[in-house]
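Worksheet: the structure to be examined is printed underneath.
Just so you know, all these numbers are worked out from the coordinates, no wet-lab data involved. What you see is a predicted model, and the numbers here were worked out from it, not measured in a lab. Because the Cβ atoms are built from the backbone with ideal geometry, glycine has one as well, and the counts that use them run over all protein chains shown.
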Amino acid sequence: MVHKETFDAFCEGIKTETYWKNPLTYYVKSNNSDLFIYPNIPSDVKHKIRINWGLNLDEEILYVRDSSFWNDRNQGLVITDCGIICIPDNEDMNDRIHILWESIDHVEYKDELLYFLGYGDRDNNCPIHISHFLKETSAYSKRGAGYIFQRIFTRMAQTQTPKDVDEDLRNTCELFDNLIDEGKNDEALQIALDYRERTSNTILTPIIAKLYNQKGQYIKALQLLEDDFNSLPEENLYWRSQLKYTKYSLYESNNELYKARKDCLYVVKNAPSDLTNEDDVSILEDSMQDFRRYEDFYIQHFLEQPYNERKLIVPVQSYTDLSQKKLVVVDINNLPAINFPMGHPVANQLYVGHPYIPSKYIPFDNYELELIEDKIREFSQIMQYLGATEINIESVNSSSNNKDVNTDQKLSGGADYKFISGSGNGERYITNKLLEDISQHINLHQKFSPKKTPMLPNNLVWYQNEPSWQRLYNQRMQGALLEHEERIETKKSQVVENSELKKISAEVKWLFVQANGNWEQSMEEKFEAHENAILSIHVKFAPLDSLGKTSVQDTIKGTIKNTMNSLTSYASSVGNIIHKILPVDMTDIEKEYLDELKACLEEDGEISSRERRLLNRLRERLGITEGRAEELEAFLLNPQLTEEEQEYLDEYKICKEEGEISSREKRLLDKLRVKLRISEDRARELESSLDLN
């Protein structure tokens with residue numbers, strides 16, 4: 001043989017390349033008569049081929065399709081490790097197509113033709129009809145063989161380089177290596193860039209990207225890799241895999257493992273088995289190990305991603321593609337810590353993440369209805385806790401169902417992605433379906449007989465993100481509010497914008513088709529835009545003074561709960577706010593020590609040396625440190641007061657300085673206490689601290 005690497009590429013391709021999981025031999029049948037595939041080519045056949053076709057003795061014959069009438073071995077198509085020869089008619093043996101692998105950049109299959117494209121522009125090509133390669137005439141066999149041949153032939157061509165190109169590359173690499181050894185990285189980078197510009201060859205693109213990354217130009221490196229990847233034909237898996245391998249490696253070096261996972265899968269699915277990196281390690285095997293790592297990290301940290309990056313998910317039985325922009329794909333057999341409704345998840349179905357419950361995912365089909373129901377249930381619960389006597393909910397813009405008939409269209413597995421990638425900004429509206437569902441599910445009329453003190457319920461989800469609800473709570477707690485109308489719109493809880501629906505539909509459709517599903521028009525309708533539904537909620541309240549007595553302490557607790565819910569992402573700030581409102585938390589042991597300290601101060605406000613000695617013994621027995629004892633004593637003598645507490649204490653102090661506090665003054669102080677939202681117990685503590693001093 002002349003070219004062992006080319007020979008190996010053919011043999012490997014015959015074994016490993018498939019179309020819809022079927023190898024070449026499924027579509028092309030060797031028959032020992034007029035179609036032969038290496039190694040099953042008899043010696044007498046090879047001998048006649050060499051003589052009739054004028055082949056060099058060293059050329060290895062790999063494939064023979066004899067189309068001569070009497071199997072004379074002088075008409076048809078022959079593939080060798082040097083190239084392809086096609087003789088359509090044996091009446092003129094010189095009228096032949098002869099293509100050398102070294103002159104081919106890559107091969108593409110389209111419209112039953114194999115296009116052998118040379119270096120330069122796309123007009124430099126030679127087409128050969130697929131019928132010259134096989135006997136089978138079915139469209140299915142032609143398509144299967146055509147797509148496998150294009151990959152095998154591209155691999156074979158990549159093992160050979162034109163002599164002039166090879167020499168230019170050799171000289172460039174030699175100069176590049178010398179400059180790197182001399183520490184002249186910038187000059188080396190420019191040499192590589194010049195070669196890339198001069199030849200439109202991507203062979204040096206990985207090293208160029210790495211040099212950019214070393215210079216801190218990470219984004220530029222990624223863009224270069226992406227541009228060159230897109231410039232290569234889809235069939236050029238060898239170099240496209242090399243570029244993706246470099247790209248995901250750069251992502252990892254910059255700690256962007258989520259993005260690395262996406263590009264790594266492409267390499268896992270497409271890298272030729274003989275492709276190696278600079279350390280002579282199989283890129284395919286390396287990427288498979290890397291993907292397992294990335295996948296584990298992704299699953300463990302899934303909920304740590306920003307909501308918009310995990311908002312839409314599609315579980316699948318096996319990965320085929322992770323290039324989606326609008327949704328994320330997860331393995332249904334290895335899901336993150338997320339929850340689905342009963343009977344879910346279902347493979348290839350779209351789910352929407354709840355905007356305020358990170359682990360909850362809802363089927364896309366009815367997510368708007370579920371979110372609006374959830375929101376209204378919480379609002380109604382809050383109103384009931386605040387003393388509602390009546391709640392009426394009705395749809396403002398309900399209407400009848402659209403009865404238009406649509407033609408049912410289907411798209412079967414195997415379709416071209418470009419065909420189904422929707423474009424444009426047009427929006428069709430299902431104007432009535434959601435409104436009708438809401439009318440059926442949510443119209444509500446309830447009456448209550450409240451008795452308890454108004455308060456906020458626990459475990460609220462929507463409240464902290466609804467300022468109008470918070471204002472309503474404050475109005476109600478002030479005592480004057482008896483009636484309220486709230487309007488809730490579906491568009492305000494809509495997490496998928498209507499403008500996104502076309503792109504989302506195209507990505508879901510592509511995943512569905514890849515799984516050999518049939519995409520029907522009824523599925524398309526799920527991605528139509530919905531009209532905004534408006535719900536009116538009318539609430540009547542019982543008078544506040546007719547309910548259980550509202551203690552100021554309960555009001556303060558409600559305010560604190562409100563504040564904590566609103567500021568959950570600012571934990572330290574919340575801690576500071578609570579510290580200002582409530583006394584320092586103390587253990588029972590510390591309270592026992594504080595009670596003894598108060599008893600010592602009751603008589604004259606001072607602690608004698610004897611009392612101090614006894615207090616120290618008590619402190620040691622209780623296991624309280626000296627520092628903590630000083631904090632407790634300071635808290636008792638100089639408590640940290642809020643502005644409201646300080647105002648009340650100042651007023652009490654003025655009254656106290658004028659002598660005995662009269663019953664009239666006590667009533668006025670009590671009104672001030674209520675206004676300042678200070679509980680009776682807390683007021684007594686404040687007064688006692690002043691009396692002790």
Can you give the FRET efficiency to the nearest 0.05 for Asp280 and Trp70, using r as the Cβ-Cβ distance and R₀ = 60 Å?
0.75
Of Lys269/Lys502; Lys269/Lys311; Lys48/Lys269; Lys142/Lys325; Lys375/Lys526, those spanning more than 29 Å from alpha-carbon to alpha-carbon
Lys48/Lys269; Lys142/Lys325
What pairs in Lys215/Lys503; Lys4/Lys184; Lys184/Lys247; Lys210/Lys259; Lys244/Lys360; Lys452/Lys591 have C-alpha atoms more than 29 Å from each other?
Lys215/Lys503; Lys4/Lys184; Lys244/Lys360; Lys452/Lys591
The stretch 216-301: C-alpha gyration tensor shape, a/c 1.5 cut-off, then a/b vs b/c
oblate
If you take every residue apart from Leu134 with its C-beta less than 14 Å away from the C-beta of Leu134, what net charge results, scoring Lys and Arg +1 and Asp and Glu -1?
+1
The stretch 86-150 to the stretch 252-301: how many Å between their Cα centroids?
34 Å
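Taking the beta-carbon count within 10 Å as an exposure proxy, list Phe512, Phe149 from fewest neighbours to most.
Phe512, Phe149
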In the stretch 2-56, what chymotrypsin sites (Phe, Trp or Tyr not before Pro) fall in a loop by DSSP, with at most 15 other Cβ atoms inside 10 Å?
Trp20
Taking the highest mean first, how do the peptides 239-248, 468-477 order by number of other beta carbon atoms within 10 angstrom per residue?
239-248, 468-477
